[in-house]
Amino acid sequence: MRKKTKFWISFFIILAFAIAVFFTGWVQLRVPAGKHAVMISKTNGIDKQTIEPGKFAWRWQAILPTNINFRRFNLKPYEYETEIESQLPSAQIYATMIEGSPDFTFDLYIKTEISMKSDFLGDFVEKTDAKTDAELEEYLEKQSSQIAKDVSRYLAKEAIRTLNTECYYMETEDLKKAIHADDKYKWIDIARIEIEADHLPDFEMYNLAKKSYAEFQLQVKKAVIQLSKEESFFTAEDYIQLERFSRWGRILNEYPILIEYFKYTSKDAPEFLKNENGKF
């Protein structure tokens, strides 16, 4: 009877210990509903596997007292609006080629709805050392601004190529493909991109000005090449003449008596010193 009693006592002690270990390591219980968390332990550092709401998560590191802490975040979508005031490439230069100097500037409002993908939350914490939702929101705001710039550059390039503004009405998925969002922003879920064009330039006029400028530059290049050829000819003549005087100077310096001789000769000094090939 005593053996059975000891057995059951030992069994319940072990069972209680196992249950305690299980619940201690069940880290999901330490994360509030609706939140995602990254666990950081003294033994292993940042755990890249995000603790998600509604998904069972157990970590042995949690068994050790004071070994772990959590960074908790709300991965809700955030909405941002970025104003892009800019101009087409080399717009100021090209505008001078057209009478009236046309306006090649544009003004866009680009709205985005984005959120951090849960699979990349650990990488985000490792990269930025973020601790709060405010830091996450600030980070996403910067990413939204960069997305808007990428979209703006693509739209301008496409409008120049096609000479129409249909691209400014593209759907979100098409825009994401156009800016390669799945590669460049793979850690961000882009739910929506909306474009409001407040002012757009005349892309056909821009292409005409660009072509005119290219033709102008070609003519300038031809003129510079021709001038260089002419200048090189005169420079060569000048160099030969300089060499002649230089050699003449060295001879007179070495034989000063020749100076007296030239006083009594009717021949021109340079001609006198030349040989039949026109060299000293």
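Just name the residue that is nearest to the chain's Cα centre (by Cα) out of those in region 55-67 that are open to solvent by 30 Å² or more (accessible area, probe 1.4 Å) and not aromatic (Phe, Trp, Tyr).
Taking the candidates together, the pick is Lys55.
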>> On the basis of being β-branched (Val, Ile, Thr) and either open to solvent by less than 30 Å² (accessible area, probe 1.4 Å) or under 27 Å from Ala130 (Cα atoms) (or both), does Ile93 make the cut?
In response: no
>> Step by step: first the residues of region 103-121, then only those that are acidic (Asp, Glu) and either outside any helix (DSSP H, G or I) or within 30 Å of Ala209 (Cα to Cα) (or both), then the one that is least open to solvent (accessible area, probe 1.4 Å). Which residue is that?
In response: Asp107
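So that you can scan it fast, the table gives a plain yes or no per residue for (1) assigned to a loop (DSSP other than H, G, I, E, B); (2) aliphatic (A, V, I, L, M); (3) surrounded by 19 or more Cβ atoms within 10 Å (Cβ to Cβ):
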residue: Gln49; (1), (2), (3): yes, no, no
residue: Pro53; (1), (2), (3): yes, no, no
residue: Tyr80; (1), (2), (3): no, no, no
residue: Ser101; (1), (2), (3): yes, no, no
residue: Asp123; (1), (2), (3): no, no, no
residue: Ala148; (1), (2), (3): no, yes, yes
> Do the conditions hold for Ile46, that is, is it modelled with pLDDT of 90 or more, hydrophobic (A, V, I, L, M, F, W, C) and over 30 Å from Thr165 (Cβ atoms)?
Replying inline: yes
>> So, in region 184-206, exactly how many residues are open to solvent by less than 60 Å² (accessible area, probe 1.4 Å), outside any loop (DSSP other than H, G, I, E, B) and out of contact with any Asp or Glu (no Cβ under 6 Å at 6 or more places or on another chain)?
In response: 7
> Tally time: how many residues in region 128-178 are closer than 20 Å to Glu79 by Cβ and among the β-branched types (Val, Ile, Thr)?
Replying inline: 4
> What's the number of the condition Tyr80 fails, among (1) without any contact (Cβ under 8 Å) to a residue 60 or more places away in the chain; (2) under 28 Å from Val151 (Cα atoms); (3) among the aromatic types (Phe, Trp, Tyr)?
Replying inline: (1)
>> Taking the condition of being part of a helix (DSSP H, G or I), closer than 20 Å to Lys48 by Cβ, in contact (Cβ under 8 Å) with a residue 24 or more places away in the chain and open to solvent by 50 Å² or more (accessible area, probe 1.4 Å), how many residues in region 125-146 meet it?
In response: 1
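The values are calculated or read from the model by the stated rules, or taken from the named source; none is laboratory data. These numbers come from a predicted model, not from an experiment. With ideal geometry, Cβ positions are generated from the backbone for all residues, glycine too; neighbour counts draw on all protein chains shown. To get the accessible areas, we keep the full protein, side chains included, count just its heavy atoms, and leave off ligands, DNA and RNA. Shrake-Rupley method; radii C 1.70, N 1.55, O 1.52, S 1.80 Å.
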